[in-house]
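Everything on this sheet refers to the single structure shown next.
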Amino acid sequence: MYDPLDTVNLAASIACELFRQEERPLTKVEINAISDSGGIYAIFYRGAVKPYRLYKHLNRSAGILPIYVGKAAESATVNGLQDFRSGPGSNSVKKRLQIHRRKIDSFLTGAIPIQTSDFSFRFLGLPDAHVSMAEAGLITFLSPIWNGAGFGSNAPGGGRPGKLPPNWLGLAHGPGAPGLSRSQKDDIRSKISEQARKVLRKQNDPRLEGARSAILIAARA
């Protein structure tokens, strides 16, 4: 029985709508042109820098594989929870993307340089009540490689020798970072390849598989 109000189905419908939005280059002009509201967004990589080349291949015809997804709720938070009594606050998708762009700008001088011009984004304005659910759904459905990799952190950490640290992104791309060992670089390549292919692999959970298939169709439309 199909339940349109099931959490997975709601998150999938929002994700499909996000992928129907215009894909824009991650430039200051394009970011400043979007509405100053809360919502969800996806960042895509289309460059050829190793080990992300698989992303370029899969995104050649449509932006189906975001490298990062995020959210911005307009109302303020109190102890990490939304306070809907507070009204609109200072947070927005526009401001989140501006922060991300500045961070990616700094990756040009890292151990593995990446150019901001190889990135694009899609965004969808949403009421605060739907923002967290939509972001969680996108992460579940599409496994973006930079989510949970320290993209929102300010300082890189070391982790255990020979193991991929939780904030490996700063070590691999951050300016002035010590860089990664050969073993850690191999781990990153394996992780990226696995997660890039995961989005195209059938899910064991029929609900997730249906959601994933619907998102891919929406992205290619």
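So, ALA221, is that one small (Gly, Ala, Ser) and at pLDDT below 80 or not?
It is true that ALA221 is small (Gly, Ala, Ser) and at pLDDT below 80.
If we keep just the residues of the range 125-144 that are more than 11 Å from VAL69 (Cβ to Cβ) and of a type in the set (A, V, I, L, M), which is least open to solvent (accessible area, probe 1.4 Å)?
VAL131
Take the residues in the range 58-77 that are in a strand (DSSP E or B) and open to solvent by 50 Å² or more (accessible area, probe 1.4 Å); name whichever of them is modelled with the lowest pLDDT.
Ranking the candidates gives THR77 first.
Among the residues of the range 27-57, write down those that are of a type in the set (Gly, Ala, Ser), loosely packed, with under 12 Cβ neighbours inside 10 Å and more than 26 Å from MET133 (Cβ to Cβ).
Scanning the range 27-57 gives ALA33, ALA48.
Pairs, please: C-beta under 9 Å, at least 6 apart or cross-chain, first residue farther than 12 Å from SER120 by Cα and in a helix (DSSP H, G or I) and in the range 1-29, second open to solvent by 60 Å² or more (accessible area, probe 1.4 Å) and at pLDDT 85 or above?
LEU10/HIS130; ALA11/HIS130; ILE14/HIS130
Given (1) over 15 Å from the mean Cα position of the chain (by Cα); (2) over 15 Å from THR140 (Cα atoms); (3) not acidic (Asp, Glu), where does PHE44 come up short, assuming only one miss?
That leaves (1) as the condition not met.
For the range 182-218, which positions are open to solvent by 50 Å² or more (accessible area, probe 1.4 Å) and modelled with pLDDT of 75 or more?
Of everything in the range 182-218, those that are open to solvent by 50 Å² or more (accessible area, probe 1.4 Å) and modelled with pLDDT of 75 or more turn out to be ARG182, SER183, LYS185, ASP186, ASP187, ARG189, SER190, LYS191, GLU194.
Give the range 103-124 a look and list any residue that's open to solvent by 40 Å² or more (accessible area, probe 1.4 Å) and either closer than 20 Å to ILE40 by Cβ or not in a helix (DSSP H, G or I) (or both), or say none.
Within the range 103-124, LYS103, ALA111, PRO113, GLN115 qualify.
Return the pair list, or none, for Cβ contacts closer than 6 Å from residues in the range 107-119 that are of a type in the set (Val, Ile, Thr) to residues that are surrounded by fewer than 19 Cβ atoms within 10 Å (Cβ to Cβ) and assigned to a helix (DSSP H, G or I), at least 6 apart or on different chains.
THR116/ASP105
Criterion first (modelled with pLDDT of 75 or more and out of contact with any helix residue (DSSP H, G or I) (no Cβ under 8 Å at 6 or more places or on another chain)) does ALA33 satisfy it?
Here the answer is yes, as ALA33 does meet what is asked.
The values are calculated or read from the model by the stated rules, or taken from the named source; none is laboratory data. These numbers come from a predicted model, not from an experiment. Ideal geometry is used to build each Cβ from the backbone, glycine not excepted, and the neighbour counts take in all protein chains shown. Ligands, DNA and RNA are excluded from the accessible area calculation, which covers all protein heavy atoms including side chains. Shrake-Rupley method; radii C 1.70, N 1.55, O 1.52, S 1.80 Å.
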